[in-house]
Amino acid sequence: MTSSSEHATSPEKNAPAASVNHVELTVNGVSYPLHLGTDRNLSSVLRGEVGLTGTKEGCDDCECGACMVLLDGQPVNSCSYLAVQAAGRAITTVEGLAGDDLHPLQRNILAAGGVQCGFCTPGMLMSAEALLERTPLPSDEEIRIGLSGNLCRCTGYARIIEAVRATSVELDGVRRSSVTE
Ligand code: FES
Ligand code: FES
């Protein structure tokens with residue numbers, strides 16, 4: 001199952017050797033000039049050449065959501081997305097969520113006890129971030145649908161949903177107070 005709003009082109013596992021291209025990827029606002037085989041998936045490049053290991057690799061088959069990143073704000077399973085296709089687009093990984101302090105989603109998922117082994121957490125956070133961008137005050141049902149492409153083996157989901165709900169209310173309060181100031 002996947003909530004990714006884009007259909008990726010899966011790298012062919014037994015394809016002949018791919019050519020190498022010069023590619024510039026923009027990750028969390030930073031440009032990375034790279035030489036990449038055209039068959040490389042985005043998650044391996046983010047974790048390898050780019051050096052950002054927050055994005056996890058689980059199923060490698062568009063099933064678990066551990067590798068979720070945002071491409072121009074849309075959630076994408078990076079295990080099944082070719083890195084060369086991401087050139088010229090804004091890639092956001094979990095490392096790009098926090099500023100000087102934790103992002104409210106990160107703070108609230110910790111406070112709610114929604115992190116146990118933590119393997120699903122980066123992908124979960126990216127899907128939640130995309131959800132709150134398109135639906136600032138989602139219902140619990142909308143939160144479940146927004147996170148439906150992310151599997152968690154540990155928590156039973158309730159605490160993660162609670163954290164997303166708390167974040168949406170918190171950010172709504174911030175928006176309202178900035179309007180009335
Ligand atoms: S590793 Fe990409 S969806 Fe599981
Ligand atoms: S916290 Fe372990 S998989 Fe979600």
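A short reminder: the numbers here are calculations on the coordinates, not readings from a lab. Remember, predicted model here, so these are calculated numbers, not experimental data. Every residue, glycine among them, receives a Cβ derived from its backbone with ideal geometry; neighbour counts consider all protein chains shown.
Values for this structure:
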read-out: Residue, surrounded by the most Cβ atoms within 10 Å (Cβ to Cβ), within region 119-155, restricted to residues that are more than 16 Å from the chain's Cα centre (by Cα) and within 11 Å of ligand 2 (Cβ to nearest atom); value: Thr155
read-out: Selection count where residues are touching a residue at least 60 places away in the same chain (Cβ under 8 Å) and in a helix (DSSP H, G or I), scope region 127-165; value: 5
read-out: Subset of region 41-73 (residues that are within 14 Å of ligand 1 (Cβ to nearest atom), part of a loop (DSSP other than H, G, I, E, B) and crowded, with 20+ Cβ neighbours inside 10 Å); value: Thr55, Lys56, Cys64, Gly65, Ala66, Cys67
read-out: Residue count, region 141-169 (criterion: away from ligand 1 (no atom under 16 Å from the Cβ), within 13 Å of Ala128 (Cβ to Cβ) and not β-branched (Val, Ile, Thr)); value: 9
read-out: Pair list, Cβ < 9 Å and 6+ apart or interchain, from region 114-126 residues that are in contact (Cβ under 8 Å) with a residue 60 or more places away in the chain to residues that are within 6 Å of ligand 2 (Cβ to nearest atom) and not hydrophobic (A, V, I, L, M, F, W, C); value: Phe119/Arg153; Cys120/Arg153; Cys120/Thr155
read-out: Residues (buried (at least 20 other Cβ atoms within 10 Å of the Cβ), over 16 Å from the mean Cα position of the chain (by Cα) and not in a helix (DSSP H, G or I)) located in region 87-114; value: Gly114
read-out: Whichever residue in region 74-84 is over 12 Å from the mean Cα position of the chain (by Cα) and within 15 Å of ligand 1 (Cβ to nearest atom) and, among such residues, is surrounded by the most Cβ atoms within 10 Å (Cβ to Cβ); value: Ala83
